[in-house]
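Novice: Dumping the structure here so I can ask a few things about it.
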Amino acid sequence: METPARRAGSATQARIWKGSGVSESLLEELIDWLRIPSVSSGGGDPEALRAAGRWVVERVSAAGGGAALVETSGAPLAVGELRAAREGAPTVLIYGHYDVQGPGPLELWSSPPFEPTLRDGRVYARGAVDDKGNFLPLLHVACELARRGELPLNVRVLVEGEEEVGSRAVMDWIAADGRGADAALVFDAGMLDARTPALTVAVRGLVAVEIEVRVADADLHSGLYGGTVPNAVHVLQRMLAAVLPDADGRLRPELREGIEPPSPEELAAWRALPSAAEAIAAAGGRPLGEEAAAAYYERSWADASLDVNGIEGGDAHQLRTIVPASARAKLTMRLAPGQRSERMRSELERLLRAQAPPYAEVDIRMSGAEPARFDPSLPPLRLAVEALERASGARPALVGSGGSIPILAAFAERGIPTILSGFLLPEDALHAPNESFGLDRLELAERAARELYAALATLPAGPSRGGPVF
């Protein structure tokens, strides 16, 4: 809750860094928002989550827009709209999330995680970069332009409070929304390096699989029964072998069905990126081979992969000589653009069960998220590349993401071209103690927001963008 004392404290810290280039009002707002401990993971604090959502609603309302909290089964959505200064303007939807990860061990923080601290050209707090500091410039600039009567396009605002725990409610909202947008803007990603912005044009989908195999009512003595009764670990191993990649990391053809190859423009952009071998080594990994390292971007961003994340069965700790009665495994398959999670779930289950003997009880549980790809030749993305270059002075890199971002698949399903960018760098300690955001990149994000709004205002307005705000 905002109070005079809190506002005064925010202003004091902001004045300290007035020479940083960041607008004082933006920094004051960020400090104020970061003070709200809107943790969603581990149960979270419902009242703090509501307060963080109300904070968004209050900013939109104060700028002359319409806004409200939309109730869900969990944390509410903050939904609103700021109308353009002219009729017939296009509409963009800005998306972010106000929830944050838990702070973790407090003794590892140099300053309290929910008492934002400015030092060394950074703001330190949980949520500083993920996603309050990354997203806020989009909201701040839109509100500022609206207050001055200079907003060149309609800006729909969608900020959720469950991104860190699954984004279920916002996915339902997007699916039910009847208005859509001419483009979506998301600042929840990173830069290629400290001076080069990135535009993410593809993300992979996901099929998560949990398998449990039971072959007996109890573990048995391996000396007395080994070779005469089934071993659950052996059964599970044979099942997993049916879906594992080959020695070069490639999946069998059935699990690569539907993959859409990247465009020549994407391939050219990826080949211009720095070698991934150093990045793999820096993360503590070793490439499968020279070809795998050379094709890192194509494999990670445009191909399917599968990894066993863990296996449990028997007793490897006390080394009891048993024949295990049960065994469990968790694996995840990353889907390339063009693939569908329902189809791959069906194929994975078929391949796994085909290797299970009749005497085995097999329980397979799956969940999935769709991949998404946005053609970089689409007008909103072309305009975004130029806008980000004007803001930063460097040509943005067209990149993909090996991870999965369900919200992008939801936008793609609705036919909304999405501009995913952001200003995260590795030193920002995402999800770790002492999370921070460099003030130079907060300033860059503000410039980028202004350039993007100006550029996207030149889009033709799509049909049926009017109607109720919510």
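Novice: Can you tell me which residues in region 241-270 are touching a Pro at 6+ places or on another chain (Cβ under 6 Å) and either surrounded by fewer than 15 Cβ atoms within 10 Å (Cβ to Cβ) or over 27 Å from Phe374 (Cβ atoms) (or both)?
Specialist: Those that are touching a Pro at 6+ places or on another chain (Cβ under 6 Å) and either surrounded by fewer than 15 Cβ atoms within 10 Å (Cβ to Cβ) or over 27 Å from Phe374 (Cβ atoms) (or both): Glu260, Glu265.
Novice: Across region 242-268, what is the number of residues that are touching a Leu at 6+ places or on another chain (Cβ under 8 Å) and either in a helix (DSSP H, G or I) or within 15 Å of Tyr297 (Cα to Cα) (or both)?
Specialist: Matching residues across region 242-268 total 5.
Novice: Return the total of residues in region 188-221 being more than 30 Å from Arg238 (Cβ to Cβ), more than 18 Å from the chain's Cα centre (by Cα) and crowded, with 24+ Cβ neighbours inside 10 Å.
Specialist: 0
Novice: Scan Leu224, Leu267, Leu185, Leu236 and give me the residue that is more than 25 Å from the chain's Cα centre (by Cα) and more than 25 Å from Ser367 (Cβ to Cβ).
Specialist: Leu224
Novice: If I filter region 53-88 down to residues being assigned to a strand (DSSP E or B) and of a type in the set (A, V, I, L, M), which single residue comes out as surrounded by the most Cβ atoms within 10 Å (Cβ to Cβ)?
Specialist: Ala78
Novice: Among Gly178, Gly190, Gly227, which is among the small types (Gly, Ala, Ser), free of Cβ contacts under 8 Å to residues at least 40 places away in the same chain and farther than 19 Å from Gly368 by Cα? Break it down stepwise before answering.
Specialist: On the way: Gly178 fails: free of Cβ contacts under 8 Å to residues at least 40 places away in the same chain; Gly190 fails: free of Cβ contacts under 8 Å to residues at least 40 places away in the same chain.
The unique qualifying residue is Gly227.
Novice: If you don't mind, another one. Would it be correct to say that Leu139 is within 29 Å of Asp172 (Cα to Cα) and among the aliphatic types (A, V, I, L, M)?
Specialist: On the way: within 29 Å of Asp172 (Cα to Cα): yes; among the aliphatic types (A, V, I, L, M): yes.
Yes, satisfied.
Novice: Can I ask one more? What are the pairs, 6+ residues apart or on separate chains, where a residue within region 123-150 that is farther than 11 Å from Leu82 by Cα has its Cβ under 6 Å from a residue that is among the acidic types (Asp, Glu) and buried (at least 24 other Cβ atoms within 10 Å of the Cβ)?
Specialist: That search, which allows pairs on different chains as well, returns Arg126/Glu435; Ala128/Glu435.
Novice: If Ala194 satisfies all but one of (1) touching a Pro at 6+ places or on another chain (Cβ under 8 Å); (2) of a type in the set (Gly, Ala, Ser); (3) at pLDDT below 95, what's the number of the condition it fails?
Specialist: Unmet condition: (1).
Novice: Another one. For region 301-346, how many residues meet the condition of being farther than 20 Å from Val215 by Cα and surrounded by 18 or more Cβ atoms within 10 Å (Cβ to Cβ)?
Specialist: So the answer is 16.
Novice: Which of the following residues is touching a strand residue (DSSP E or B) at 6+ places or on another chain (Cβ under 9 Å), closer than 28 Å to Arg450 by Cα and at pLDDT 80 or above: Leu26, Leu34?
Specialist: Result of the check over Leu26, Leu34: Leu34.
The values are calculated or read from the model by the stated rules, or taken from the named source; none is laboratory data. All values derive from a computational prediction rather than experimental measurement. Glycine also receives a Cβ, built like all others from the backbone with ideal geometry; neighbour counts cover every protein chain displayed.
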